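Have a look at the structure below before the remarks.
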Amino acid sequence: MQTIFIILSCIVLLSILIPFIKHTHWSVRVFDYPRFQKLIFLILVEVLFIFVDKNYITISLFSLLIIAGIYLISVIIPYTPLGKKMIDEVKLEPNEKSLDILVYNVLQDNNKYQNLVDLIKKRNPDVIFLLETNRAWMNNITEATKKYEYKIEVPLENTYGLLFYSKLPIKYQEINYLIDKEIPSIIADIEYNNKIVRLYGLHPTPPVPQENEESAERDAEILMIGKQAKEYGEACIVFGDLNDVAWSRTTRLFLKTSKMLDPRRGRGMFNTFHAHHWFLRWPLDHFFLSSQFRLIDMIRELNIGSDHFPILIKAVIRCDDTSGELDLDEEEKIEVEEKIKEGKSK
C-alpha cells in the first residue's frame, strides 16, 4: 500500500505541475483541462494515506498533496457559485428584449439533424452559431433556419465549417482566416435594441495529435480576437468552441487583453465537452461579454447527439460596468505578442 501511495502521489503531483510549463506541445497542454478530475484523484490518494506507514517520505508527500489540493481548489472555486461573479445577473425590464445566442458544435459525422431542429424551435434564439458544419448539416436543418433572414454560411468538410444565422439585421460581416487558410472565423455586427453589437465567432484547432500537435495556433487566434475586441471598444461578444478551458493561462490572457467578462465566473463550469463521458468533462464552448452586458440566463442544453452539449446565453445591454475587468501587466503584454507571433509562424 505504501508503494502504491507513493506512486500515485507522484503521478497526481506531476499532473498538477506540468501545466506550469510554458510549452505548446499537446502532451503538456492536455494537462490544462482536467483540473476538477485531478482534485478528485488527489482526494482519493490522500485517503490512502490513512492506510500507509507514516514516515518522512509519506508525510512529505501528503503535505505536498494538501498544498496541491489548496491550489486546485483556488483554481476551481471561481467557476462555482462560491466565486465572485464577473457579470451581474438581472431581470428584464418591461421594455427590454434579451439577446439570445445558441452555440453548438454539432460533430460533423453526427447525423441527428432533427434534434437540433427541435432545439432551435424550442429556444427560438436570436442568433445561432454552429460549428463542425458541412453542407449536409446546412441542408438538413433548413426547416429551422429558413426563418432566419440573415446568415453567414461557410460549410466545409474539414470539421471547421461555420454556420451563422440571425433574426437581427447584420450591418457588417467578415469571414476571416486569421491563422490557417482552412480555419474560418467570423465577425458580424448585428442591430439589437437600436444598438450595434459586434459578434466574434471562432473555432480554433485543439492541441491533440490528430488535429494539431501544438497549441500555438489556437492560442494565437484566441488572443488575436481578444486584441480586436479591445480595439473595437464597444458592445461585443466572443463565442464559439475555443478548444480551451476557462481556467487556462491563454483564456486568462484573453480576458485581460480583451477586457471582456466570463459569465461562468461565480456560477458554474457549464461543462460542454465530452457529452458522452460524464467524468471527462470541461468547458470548451464559451461566451465572453463586454462590460456593457448583463446576464439574464446561461443554459447548458441536454445532449442531442454530438460530443458537445449546446449552450445558450440570454443577455441584455445596460450601462457600462468595468468593475469585473482584469488588467494586463507589461510582462503579460509581451507574452501575448510572443504567443501571437509564434502561432502565426507555425
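The values are calculated or read from the model by the stated rules, or taken from the named source; none is laboratory data. Just so we're clear, the structure is a prediction, and the values are computed from it rather than from any experiment. Reconstructed Cβ throughout: ideal geometry from the backbone, glycine too, with neighbour counts over all protein chains shown. We work out accessible area using only protein heavy atoms, side chains counted, and drop any ligands, DNA or RNA first. Shrake-Rupley method; radii C 1.70, N 1.55, O 1.52, S 1.80 Å.
Below is a table of values for the structure above.
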| quantity | calculated |
| --- | --- |
| Exclusive hit being more than 30 Å from Gln292 (Cβ to Cβ) and either at pLDDT 95 or above or touching a helix residue (DSSP H, G or I) at 6+ places or on another chain (Cβ under 9 Å) (or both), set Pro78, Pro34 | Pro34 |
| Output for the stretch 297-323, where each listed residue is closer than 28 Å to Leu107 by Cα and either in contact with a helix residue (DSSP H, G or I) (Cβ under 8 Å, 6 or more places away or on another chain) or among the hydrophobic types (A, V, I, L, M, F, W, C) (or both) | Met298, Ile299, Glu301, Leu302, Ile304, Gly305, Phe309, Pro310, Ile311, Leu312, Ile313, Ala315 |
| Residue that is least open to solvent (accessible area, probe 1.4 Å) [pool: residues in the stretch 142-193 that are part of a loop (DSSP other than H, G, I, E, B), in contact with a strand residue (DSSP E or B) (Cβ under 8 Å, 6 or more places away or on another chain) and under 15 Å from Ile225 (Cα atoms)] | Pro184 |
| Any hit, the stretch 303-319, residues being part of a strand (DSSP E or B), surrounded by fewer than 16 Cβ atoms within 10 Å (Cβ to Cβ) and not hydroxyl-bearing (Ser, Thr, Tyr) | no |
| Condition check for Ile43: of a type outside the set (Gly, Ala, Ser), open to solvent by 30 Å² or more (accessible area, probe 1.4 Å), over 29 Å from Thr250 (Cβ atoms) and in contact (Cβ under 8 Å) with a residue 24 or more places away in the chain | no |
| Lys121 being farther than 26 Å from Ser27 by Cα, in a helix (DSSP H, G or I) and of a type in the set (Lys, Arg) | yes |
| Among (1) surrounded by fewer than 22 Cβ atoms within 10 Å (Cβ to Cβ); (2) in contact with a Pro (Cβ under 7 Å, 6 or more places away or on another chain), the one test that Arg300 misses | (2) |
| Single residue of Arg294, Arg265 found to be under 28 Å from Lys97 (Cβ atoms), in a loop (DSSP other than H, G, I, E, B) and either in contact with a strand residue (DSSP E or B) (Cβ under 8 Å, 6 or more places away or on another chain) or modelled with pLDDT of 95 or more (or both) | Arg265 |
| All positions within the stretch 297-324 that are among the acidic types (Asp, Glu) and modelled with pLDDT of 95 or more | Asp297, Glu301, Asp307 |
| Of all residues making up the stretch 55-64, the number that are surrounded by 11 or more Cβ atoms within 10 Å (Cβ to Cβ) and either of a type outside the set (Phe, Trp, Tyr) or assigned to a loop (DSSP other than H, G, I, E, B) (or both) | 6 |
